[in-house]
Amino acid sequence: MADGGLGLLGSFVAGAKNTIQAWHSLAGLANLSADWSDVIFYAESNADWAHIGPVVAVLNEKHGQPVTCITSDPGDTILSRHHDLVKPFFVGSGIARTIFFQTTKAQAFVMTLTDLDTYYLKRSQNSVHYFYIFHALVSAHGAYREHAFDAYDTVFCVGPHHISEIREQEKTYQLREKKLVEAGYCRLDLVYSASQDHLKELRKPGATEPVVLLAPTWGPSSMVGHCLEKAIDVLIDARIKTILRLHPMTLRHFPQLPEKLEADYAETGYFRFDKHLQAIDSLLQADVMIADHGGSGLEFALGLERPVVSIATPAKIHNPGRDRIALPLFEDVIRKNMGSVLDLKDLDKLPDVVLALHAQFSEWRSNLAQTRQKNIYNVGKSAEIMADYIFDFVSSKKGKSS
């Protein structure tokens, strides 16, 4: 059999195995005891746990709360490594998952998945309270779809901008009022904590050889479709060490891109591709980030207190009703406070901009710390705030039913 045939056979066998496992999980979920069905977390992929996993950990370790964790990712690490108070299930992305969503009896159902009840993943036919945790710092009315959060009961907000935006959406579309909690952002806390732990290892201000992290978003706003190779060229020509970190969706749609770029640039000695998307080592190693319209620049600037060059690619707008919400986008407003904004036509100036920002390393640390304090809730404590809220909610439900 040709290699292609073997590959197709392997894919078919893996798919069949996953389908069987998903239906087996559905049967197991239907027989969960009350303790295990009180709190359920769902992850579309392993990457979601960076945003919701810390909340699970606090529920387990501080409150002793059992948590059932559902995943659609067959390679999800939670299936093999987890706390004793976590019970994991793989439900896939097909009919078994759809049925699970429609029939779950969870008291608290927690996700970072948007557009609940808009497409084929519907609210349960039972009385379930849905909690949403943000997976980006960006505004709620630009990068997300028009009705991304309508079906949630409680939204854990990153900062004041989310509360203003969601309230305005409710007013504009005449929606029921959701419970909005001043929560914070787990991913930012992780980055901030890591930067503090490695503070002595960080580069000293004024180092003559800055390290740059290129972190494009995906889709029409990405540098990948506009200027990525041009940006790499001018940085390498200026002998600035450059690390490239691509978005998972870019890797999915352009799987050959890393190999091509490494072939073109690796021998220069100034280029490296970061393959470890869940780790934050490349963030810690970088002095300046170059980003576009994604959320990575916000995490870098507000988490590490280091400046960002924002390349002015087209705005990342997935909401056709964007103009109905009379509020600016947080990511646009805060850009000028994070570093420099550079037009596509001015890419030749990129090395000079990077060097200028790096020369003011100490000033940026101070300014960005103040910007974070003003715009983000509960820095360093977001997971605990969210876990406490969920635990109190479930406890109150049990009290009313006893």
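Data table
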| item | result |
| --- | --- |
| Residues located in region 149-205, provided they are under 16 Å from I52 (Cα atoms) and either part of a helix (DSSP H, G or I) or at pLDDT below 95 (or both) | C186, R187, L188, D189, L190, V191 |
| Complete set of residues in region 359-380 that are in a loop (DSSP other than H, G, I, E, B), more than 17 Å from A194 (Cα to Cα) and in contact (Cβ under 8 Å) with a residue 60 or more places away in the chain | I376, Y377 |
| Residue count for region 214-226, restricted to those that are farther than 17 Å from A136 by Cβ, surrounded by fewer than 24 Cβ atoms within 10 Å (Cβ to Cβ) and either touching a helix residue (DSSP H, G or I) at 6+ places or on another chain (Cβ under 8 Å) or of a type in the set (S, T, N, Q) (or both) | 2 |
| Spans of strands (runs of 3 or more DSSP E) in region 226-297 with at least 1 residues hydrophobic (A, V, I, L, M, F, W, C) and either out of contact with any Asp or Glu (no Cβ under 7 Å at 6 or more places or on another chain) or farther than 25 Å from D332 by Cα (or both) | 271-273, 288-291 |
| Unmet criterion (only one of (1) crowded, with 24+ Cβ neighbours inside 10 Å; (2) touching a Leu at 6+ places or on another chain (Cβ under 7 Å); (3) of a type in the set (G, A, S)) for A291 | (2) |
| Positions within region 340-363 being more than 14 Å from H226 (Cα to Cα) and in contact with a strand residue (DSSP E or B) (Cβ under 7 Å, 6 or more places away or on another chain), in sequence order | S340, V341, K349, L350, V353, V354, L357, H358 |
| Residue, modelled with the lowest pLDDT, within region 299-317, restricted to residues that are out of contact with any strand residue (DSSP E or B) (no Cβ under 8 Å at 6 or more places or on another chain) and crowded, with 16+ Cβ neighbours inside 10 Å | K316 |
| Every residue from region 54-90 that is of a type outside the set (K, R) and over 27 Å from S395 (Cβ atoms) | S72, D73, P74, G75, D76, T77, L79, S80, F90 |
| Cβ-Cβ under 6 Å pairs, at least 6 apart or on other chains, region 91-114 side farther than 26 Å from P54 by Cα, far side assigned to a helix (DSSP H, G or I) | A96/A22; A96/W23; A96/L26 |
| Members of region 165-190 found to be out of contact with any strand residue (DSSP E or B) (no Cβ under 8 Å at 6 or more places or on another chain) and surrounded by fewer than 18 Cβ atoms within 10 Å (Cβ to Cβ), listed by number | E168, E170, K171, T172, Y173, Q174, L175, R176, E177 |
| Answer from P328, P320 - the residue that is over 28 Å from Q196 (Cα atoms), outside any helix (DSSP H, G or I), modelled with pLDDT under 90 and not small (G, A, S) | P320 |
| Candidates A96, A47, filtered to the one that is out of contact with any strand residue (DSSP E or B) (no Cβ under 8 Å at 6 or more places or on another chain), more than 23 Å from K179 (Cβ to Cβ) and surrounded by 22 or more Cβ atoms within 10 Å (Cβ to Cβ) | A96 |
| Meets criteria (free of Cβ contacts under 8 Å to residues at least 12 places away in the same chain, outside the structural domain of H51 (by TED's automatic domain parsing), not charged (D, E, K, R) and not in a strand (DSSP E or B)) for P216 | no |
| Matching residues, region 243-274, being surrounded by 14 or more Cβ atoms within 10 Å (Cβ to Cβ) and either closer than 19 Å to A47 by Cα or aromatic (F, W, Y) (or both) | L244, R245, L246, H247, T250, L251, F254, Y265, Y270, F271, F273, D274 |
| In region 108-120, the residues that are touching a Ser or Thr at 6+ places or on another chain (Cβ under 9 Å) and surrounded by fewer than 22 Cβ atoms within 10 Å (Cβ to Cβ) | Y120 |
| Odd one out for S193, checked against (1) within 18 Å of the chain's Cα centre (by Cα); (2) surrounded by 17 or more Cβ atoms within 10 Å (Cβ to Cβ); (3) in the same structural domain as L298 (by TED's automatic domain parsing) | (2) |
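The values are calculated or read from the model by the stated rules, or taken from the named source; none is laboratory data. Here the structure is a predicted model, which means the values were calculated and not measured. Glycine gets a Cβ as well: all are built from the backbone with ideal geometry, and neighbour counts include every protein chain shown.
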